[in-house]
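Worksheet for the structure shown next.
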Amino acid sequence: MRDGSSCSVAVVGGGPAGLMAAEVLAAGGAAVTVYDRMPSLARKFLLAGRGGLNLTHSEDFAHFLARYGAAQEHLRPALEALPPAAVRAWCEELGQPTFIGSSGRVFPVAMKASPLLRAWLARLIGAGIVFRNRHRWLGWDAAGCLRFETPTGTRATGADAVVLALGGASWPRLGSTGDWVPALTGAGVAVAPLAPSNCGFLIDWSETFRGRFEGQPLKRIALSFGNTSVRGEALITAQGIEGGAVYALSAPLRDALASSGTAELRVDLRPDVSVADLAARLGRPRGKQSLSTFLRKAVGLSPAEIGLLHETATARVTAMGADALAALIKSVPLPLIAPAPIDRAISTAGGVKWGEVDANLMLRRRPGVFVAGEMLDWEAPTGGYLLQACLATGAQAGRGALQWVAQQHVLSSRKPTR
């Protein structure tokens, strides 16, 4: 007999973590019902796949694990049980072969989330899993049953075990609102405040700069904060700056702003050219060329990059000598005001603190209730690490729930009958 036979398990949340938990539970013999607040499942997963679904990463496991920072040891059991190679094999089983990109990132050959999700849902439905959409979780009633707000009113339902996989608080229009926090804190569960991760930042641009360069990219740059430097691209927005290179530094920048109220991002507009080489190029006679034309021809700066120099320089750029201008190009200061709003972040930090769950991700204060995905207190950079950990913790919570109901079955069978 399989561990979960003749038991019912409720999975609350129909994103990758919840669906993976449901798959593991059904494979273990449990009767599974998935509840989700949205009319359709995995909306954020589908959005993530629009630009090419980054499933996981192919780097060696030690480096991979280190990407999770302070949470890496907490996540290790889940990631070891469902490592990147296993995620690739799982995709293959669903008829979605994968490939490794030049950066080491892993993608489905289709480069979309929708074919993978369709195949996944078909398999889950075939396994007997029931889906209840438009069910917003409200917490527990006095009897310990799950309460849901539905189109036909509030309803309560019981289950032998529960997996909560409600996501963080980014992109709330897709279903992750973070409104589960009061239900858990009300039950005595400690939750680290949810905060934006892999996010942009607000900058007090002048009206002139904002009007001219909003939406313009900064390509082949390097961003630095503290002792960390990241190469990539960024995008000038009306409110500040965002993009892959910014996201890679978002955690320390966010934490610095929270602790001291200030953080200054540095931009190297020409990371492959030394200060000395730049100064030599800028020291050549300009003739009748405008400064913008000269900077474009001598250094290859774009109009947006030239505008950034004018926007941030403490002195008039036109009056700078070659050495000072070269130094500015190599280290443009961007004083940040705050992270961009959490509802625009790619992911969130914070969540249920690790001390609140056991090794199987069960809440110590609510036996039989397990937590997975972004509800837990961890964060990671983009590059496949986010989805990988959601899938892995979903699987771990599913295994934990099966083990727990099996233990309860054994305990109840040992009770003397009257």
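The values are calculated or read from the model by the stated rules, or taken from the named source; none is laboratory data. On a predicted model such as this, the values are computed, not experimentally measured, just so you know. So basically every Cβ, Gly included, is an ideal-geometry build from the backbone, and we count neighbours across all protein chains shown.
Looking only at residues in region 353-383 that are of a type in the set (G, A, S) and within 22 Å of the chain's Cα centre (by Cα), which one is surrounded by the most Cβ atoms within 10 Å (Cβ to Cβ)? Going through the qualifying residues, I end up with A372.
With the structure loaded, tell me whether S224 is among the polar types (S, T, N, Q) and either surrounded by 14 or more Cβ atoms within 10 Å (Cβ to Cβ) or at pLDDT below 95 (or both) or whether it fails that test. Taking the combined requirement at face value, the residue satisfies it. Of the residues examined, A122 is one that is loosely packed, with under 13 Cβ neighbours inside 10 Å, modelled with pLDDT of 95 or more and closer than 15 Å to G14 by Cα.
Selection within region 94-119: residues that are more than 21 Å from the chain's Cα centre (by Cα), assigned to a loop (DSSP other than H, G, I, E, B) and modelled with pLDDT of 95 or more. The member of this set that is nearest to V11 (Cα to Cα) is L94.
Per the conditions (1) more than 30 Å from L249 (Cα to Cα); (2) free of Cβ contacts under 8 Å to residues at least 12 places away in the same chain, the sole criterion not satisfied by A66 is (1). If the condition is being under 21 Å from R210 (Cβ atoms) and either touching a residue at least 24 places away in the same chain (Cβ under 8 Å) or not in a helix (DSSP H, G or I) (or both), then region 292-308 contributes L301, S302, P303, A304, E305, G307, L308.
Count of region 339-367 residues, restricted to those that are among the small types (G, A, S) and either on the phi > 0 side of the Ramachandran plot or assigned to a loop (DSSP other than H, G, I, E, B) (or both), is 5. Region 1-80 holds helices (runs of 4 or more DSSP H) entirely within its bounds, and those carrying 1 or more residues that are under 26 Å from I129 (Cβ atoms) map to 16-27, 43-48. Quick one: is W205 within 23 Å of the chain's Cα centre (by Cα) and either at pLDDT 95 or above or aromatic (F, W, Y) (or both)? Spelling it out, it is not the case that W205 is within 23 Å of the chain's Cα centre (by Cα) and either at pLDDT 95 or above or aromatic (F, W, Y) (or both). Given the residues G307, G287, G232, which is the only one that is at pLDDT 95 or above and on the phi > 0 side of the Ramachandran plot? Selected residue: G232, the only one of G307, G287, G232 that is at pLDDT 95 or above and on the phi > 0 side of the Ramachandran plot.
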